[in-house]
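Undergrad: Submitted below is the structure of interest, expressed as structure tokens.
The values are calculated or read from the model by the stated rules, or taken from the named source; none is laboratory data. Since this is a predicted model, take the numbers as computed values, not measurements. Accessible surface areas use protein heavy atoms only, side chains included; no ligands, DNA or RNA. Shrake-Rupley method; radii C 1.70, N 1.55, O 1.52, S 1.80 Å.
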Amino acid sequence: MFSAFRPSHVNFSGLLWKVPWKLSSTRKANARARLKKVDAVIEAVRTSGVKCSALDQALELPKEHEMPARDKYTIFSANAKGYRKGIHKVPKWTRRTLRTNPKGF
């Protein structure tokens with residue numbers, strides 16, 4: 001224990017960065033705030049009068065208040081049990097638009 005070669009965190013418990021099973025209430029609140037900020041930007045671009053295909057696609061997406069909680073915090077996954085997995089398990093989930101899922105899921 002007091003030698004020059006002390007075990008690191010990885011040696012103690014395996015993987016150092018573990019993904020939690022479900023989102024905490026703080027992370028859920030941050031996700032909702034992020035969705036609201038994106039909605040505000042889309043609305044600001046719409047009112048500015050700019051026309052582009054990316055804006056048309058963004059206007060077709062549901063707004064944060066129109067989305068059920070299931071779609072805010074989970075995403076469709078064909079490999080997951082129950083065909084849903086937590087949105088925080090998706091790589092780079094804070095930078096992606098994950099608002100739509102297949103019908104029936």
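Undergrad: Stretch LYS36-LYS81 to full length: gain in nm at 0.36 nm per residue minus the Cα-Cα span?
TA: 13.2 nm
Undergrad: Looking at this model, which pairs from LYS37/LYS92; LYS36/LYS81; LYS51/LYS103; LYS37/LYS81 are more than 25 angstrom apart at the alpha-carbon? Mind showing how you got there, number by number?
TA: Values: LYS37/LYS92 17 Å; LYS36/LYS81 30 Å; LYS51/LYS103 29 Å; LYS37/LYS81 32 Å.
Listed pairs above 25 Å: LYS36/LYS81; LYS51/LYS103; LYS37/LYS81.
Undergrad: Also: As an exercise, take the mean of 1/r over every pair of distinct alpha carbons in the range 55-98, invert it, and state the Kirkwood radius in angstroms.
TA: Averaging 1/r across every pair of different Cα atoms and inverting gives 11.6 Å.
Undergrad: Right, here's the next one. Rounded to whole Å and sorted largest first, list the principal axis extents of the Cα atoms in the range 8-105.
TA: Result, largest extent first: 57, 33, 23 Å.
Undergrad: Further, regarding this structure: Take GLU66, GLU43 and sort them by solvent-accessible surface of the protein heavy atoms, 1.4 Å probe, largest at the top. Please list the in-between numbers first.
TA: Values: GLU66 110, GLU43 60 Å².
The most accessible residue leads, giving GLU66, GLU43.
Undergrad: Pull up all non-local amide H partners of THR74: gap of 5 or more, or a different chain, and H-to-H distance under 5 Å with H placed in the peptide plane.
TA: So THR74 has HN proximity to ILE87.
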